[in-house]
Amino acid sequence: MEATQNSVLHVMNERHSVRAYEKGHVISDAEIEEMLAVTSQAPSSWNLQHWKFLIIKSEEAKQKMLPIAYNQQQVVDSSFTVVVLGDLEADKNAERVYGEAVENGFMNEDVKNTLVGQIKNAYASSPTIARDEAILNASLAAMQLMLAAKAKGYDTCPIGGFDKQQCKKAFNVPDRYIPVMMITVGKAEKAAHASSRFPVSEVTVIDTF
């Protein structure tokens, strides 16, 4: 257990944002699927899994994305870019998620119905909850993806600076989903430099302000 913990902590400490990639480095579909499978293990509110991943990897798609990403060259040079989408209608996943839980013996039908009802009520109670939950939970998956990539020897960079409306239009993203961020993935052309962080004492409050 200790070795595993140290390995995870090592990956976390070694992950830095990389913006210069070895152009032409191919990451196999099998490796991409493996990373996304790990990414999909991220936690989510009510286990609704509020994410969808748009993979930009063909040269044509990269060139289409380039102006949308304000001509950031990393979008073209990286092996692929993931547009992390948040699901505004994740409450619709509740029947499937909890139906499978019943089938697997994790809960009974009454508990399932109670949970599904609570989710529907929560989504109906506030005009902002769908968007808030989509962004919150898709961001958890995004961090998981960056760590999964680093564990496999690849580097990443999260990108918030892109035209989200143009992204939706250019890649036919349904209205159900909102772009949360892009993540470039590839082989670093040069090692990323470490960046400073505030000391823990400055970002931590115990019990109350």
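For helix 129-151, report the angle its Cα long axis makes with the longest principal axis of the Cα atoms of the chain; keep it between 0 and 90° and round to the nearest 10°. Long axis of 129-151 versus the principal axis of the chain: about 50 degrees. Over the stretch 123-209, accessible surface divided per residue gives 59 Å², non-protein components excluded, 1.4 Å probe. Summing Lys, Arg as +1 and Asp, Glu as -1, what charge do residues with Cβ under 13 Å from the Cβ of His50 carry, His50 excluded? Net charge around His50: -1.
Among His25, His193, His50, the largest mean-square fluctuation in a Gaussian network model of the chain, built with springs joining Cα atoms closer than 10 Å, belongs to His193. Take the Cα radius of gyration of the stretch 87-140 and divide it by 2.2 N^0.38 Å, N being the number of residues; the result is 1.21. From the Kirkwood radius over Cα pairs of the stretch 30-95, Stokes-Einstein at 10 °C and 1.306 mPa s returns a whole-number translational diffusion coefficient of 117 µm²/s.
Over the chain, the alpha carbon radius of gyration divided by the compact-protein estimate 2.2 N^0.38 Å works out to 1.14. Entry note, the chain: relative contact order of 34 percent, from Cα contacts under 8 Å with a spacing of 6+ residues. So if the hydrodynamic radius of the stretch 25-140 is defined as the Kirkwood radius over C-alpha pairs, what does Stokes-Einstein give as its diffusion coefficient at 25 °C and 0.890 mPa s, in µm² per second? In µm²/s, the coefficient rounds to 150. For the stretch 99-209, the fraction of C-alpha pairs more than 17 angstrom apart is 75%. Under a Gaussian network description of the chain, with springs only between Cα atoms under 10 Å, the residue in Gly105, Gly160, Gly186 that fluctuates furthest is Gly105. Computed from Cα atoms, the angle from the helix 109-125 axis to the main principal axis of the chain rounds to 70 degrees.
Between 0 and 90 degrees, the angle of helix 94-103 with respect to the longest Cα principal axis of the chain falls at about 70 degrees. Spatially, the stretch 85-129 and the stretch 8-79 are offset by 29 Å when compared through their Cα centroids.
With all protein chains in place and a 1.4 Å probe, the accessible surface of the stretch 154-209 carries 54 percent carbon and sulfur.
The values are calculated or read from the model by the stated rules, or taken from the named source; none is laboratory data. Keep in mind that what you see is a predicted model, and the values were worked out from it rather than measured. Neighbour counts are summed over all protein chains in view; Cβ atoms, including those assigned to glycine, are modelled from backbone coordinates with ideal geometry. Note: accessible area is taken over every heavy atom of the protein model, side chains too, but ligands, DNA and RNA are not part of it. Shrake-Rupley method; radii C 1.70, N 1.55, O 1.52, S 1.80 Å.
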